[in-house]
Structures are given as C-alpha cells and as structure tokens.
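The values are calculated or read from the model by the stated rules, or taken from the named source; none is laboratory data. Being a predicted model, the structure only gives us computed values, none of them experimental. A quick note on method: Cβ atoms are made from the backbone with ideal geometry, for glycine too, and the neighbour counts reach across all protein chains shown.
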Amino acid sequence: MSLRAVILDWAGTTVDFGCQAPVNVLQRLFDEEHVPIRGSEARHSMGRLKRDQIRDILALPRVAEAWASRHGRLPGEEDVAWLSARFGPLQQDAVAVYSGVIAGVPEAVARMRGRGLKIGSTTGYTRPMLNAVMARAAAEGYAPDASVTPEEAGAGRPLPFMCYQNAILLQAYPLESFVKIGDTAADMEEGRNAGMWTIGVTLTGNEVGLEKAAADRLSSSELAARVARARERLLAAGAHAVVESVAQVDAALDEVERWQRNGMKPGK
Ligand SMILES: [Mg+2]
C-alpha cells in the first residue's frame, strides 16, 4: 500500500511563518482586558480550538493571578466565552497581514500531488477565519483539496474528528495511509489519535516561534538550538519524523513510505 493523502495544518505550517497571527491577536485581546500576556504565554496550547486555547492560557498561574489582580476574581468560563467571542473580529484583521503562504509550499504541494497524494487540511481557526486565510493562500498558489474546521467536525485537536471528515471529503482511506503534517504538539496528537503517520514542522512553526526576518537575524548556532528544542518537543508529542519546513518534506515522506513498505504501522 502506498500513501494516499496528507492532512496539512495552516498557521505555522503552510501559511504564516512563525505562527504570528494568532499570537498577535491573543496578545491584543489580553491587552484590551488590561492583562498583557507574553509571547510564550500566547503560544501555549497553540493548535487547539481557540476557545480551548484561551481557557488553557487563562489557567496559567501567572495569567490567572494577573487576571485576578485586575478584575478582582479568578478567570471563569464567562471570561473564556467573552474572550473567544472577541477573538474572531480581531483575527479577521490580522489574517490578511500575517497569513502569507510560506516559501516553497506551493511547489512542495505540487510534488505531493505528483506522487499521487490528495491534500486535506485542519486548523484551530473557525470557518470565517479560515476562509480569509484560504482566500489569500489561493491567490498565492496554495489551495488544498479539502479543509475542515473544529466546529464542522464537532471538536478540535487533539481529537481526530477533523481528520475523519477530511477522509470523507477526499474519499480516501485507510487513515494509516495518511500523513498529518503540522507545527504543534496538538497536531501530532491529532494525527496519532486518527491512526495516521505524523510529521512535525520546526523552523516555520509555533515551537521556534519566530517570523522569517527574526529567524534570519539569529546566529546560525542560536537558530539551530531553537530548531533542535522544537524537534525534541514534537518528537515527544508523537511525531514520527520532523522537518524544518513543508518545503523540505519530500525525504520524510519517502521515509514514511519505506516504513510502510516494510510493514510498519503508525500505531495509536
Ligand atoms: Mg499551526
């Protein structure tokens, strides 16, 4: 059996080098509540449905304490709902600014199609947010065959249902012939939970967490250290293989196909 499909993440994987859009919006969102959060806090739980991510950020001890000292009580579910509702409109503005297609992605996707793979996608964005991202991506040469958002599948990552919905839309099976490619631990868990192969992305993603210009300014040893840390985190989250960018994923796909020919399965 050969590979049938890849399921690609959006921010930090195919668009938005460094996963800047959601970080920028989350920081503005908390600024408006007069509880500023750090970049590292905004990157916490990235890749999950935004409402779930916001709940996780509010639960960070420093953030919960800062919220309590500003608002006179610990954050609760009504605050999660309020912040989630505010996220959407702010995100619509940021999407156009940050969601450029990552260099080399359209060419890499063309090579995937050349080897017979269908192209699906999942995200932590809602459909209106993703539509704005997809419009710009299509104009820049990247358009997957299918896309699914958390509300369309009943739940976001790390649950596998968006991957199942992609399989239906792509009319492809079995899921052990699929590869999930993404930049967060939640992506790796989603792929594993769906019974798929998983490939983590470091340099362009949330774990390294730098926009292209900032990554280019780092010394090569500092950048290599950040990429190595990201690689360790993604492997610990269940990645079968790790690459720096989707633009360089070909050799990892070759390797997964070799494993598959040798009778290996992706496991849980
Ligand atoms: Mg991502």
In this structure, does residue 183 turn out to be surrounded by 21 or more Cβ atoms within 10 Å (Cβ to Cβ) and among the acidic types (Asp, Glu)? yes
Candidates 173, 164, filtered to the one that is in a loop (DSSP other than H, G, I, E, B), more than 16 Å from the ligand (Cβ to nearest atom) and either closer than 12 Å to residue 47 by Cα or hydroxyl-bearing (Ser, Thr, Tyr) (or both): 173
Subset of the range 242-254 [farther than 15 Å from residue 228 by Cβ and either touching a residue at least 24 places away in the same chain (Cβ under 8 Å) or not in a helix (DSSP H, G or I) (or both)]: 245, 246, 247, 248, 249, 250, 252, 253
Is the range 110-122 home to any residue that is within 16 Å of the ligand (Cβ to nearest atom) and over 22 Å from residue 196 (Cβ atoms)? no
What pairs can you find where one residue is in the range 22-49 and of a type in the set (A, V, I, L, M), the other is away from the ligand (no atom under 15 Å from the Cβ) and in a loop (DSSP other than H, G, I, E, B), and their Cβ atoms are less than 8 Å apart, with a gap of 6+ or different chains? 26/37; 49/155
Here is a list of conditions, (1) in a helix (DSSP H, G or I); (2) assigned by TED's automatic domain parsing to the domain that holds residue 159; (3) more than 29 Å from residue 213 (Cα to Cα), and residue 80 meets all of them except one; can you say which number that is? (2)
Restricting the first residue to the range 198-223 and requiring it to be assigned by TED's automatic domain parsing to the domain that holds residue 254, which pairs with a second residue that is buried (at least 18 other Cβ atoms within 10 Å of the Cβ) and hydroxyl-bearing (Ser, Thr, Tyr) meet a Cβ separation below 6 Å and a spacing of at least six or different chains? 201/13; 203/245; 204/245; 206/184; 208/202
Take the residues in the range 3-54 that are hydroxyl-bearing (Ser, Thr, Tyr) and outside the structural domain of residue 83 (by TED's automatic domain parsing), then tell me which one is farthest from the ligand (Cβ to nearest atom). 14
Given the conditions (1) over 16 Å from the mean Cα position of the chain (by Cα); (2) assigned by TED's automatic domain parsing to the domain that holds residue 167; (3) in contact (Cβ under 8 Å) with a residue 60 or more places away in the chain, report the number of the one that residue 135 does not fulfil. (3)
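For (1) within 16 Å of the ligand (Cβ to nearest atom); (2) of a type in the set (S, T, N, Q); (3) more than 21 Å from the chain's Cα centre (by Cα), each residue gets a yes or a no:
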residue: 213; (1), (2), (3): no, no, no
residue: 216; (1), (2), (3): no, no, yes
residue: 219; (1), (2), (3): no, yes, yes
residue: 226; (1), (2), (3): no, no, no
residue: 232; (1), (2), (3): no, no, no
residue: 243; (1), (2), (3): yes, no, no
residue: 249; (1), (2), (3): yes, no, no
residue: 256; (1), (2), (3): no, no, no
residue: 261; (1), (2), (3): no, no, yes
What number of residues in the range 149-158 are over 13 Å from the mean Cα position of the chain (by Cα) and buried (at least 19 other Cβ atoms within 10 Å of the Cβ)? 0
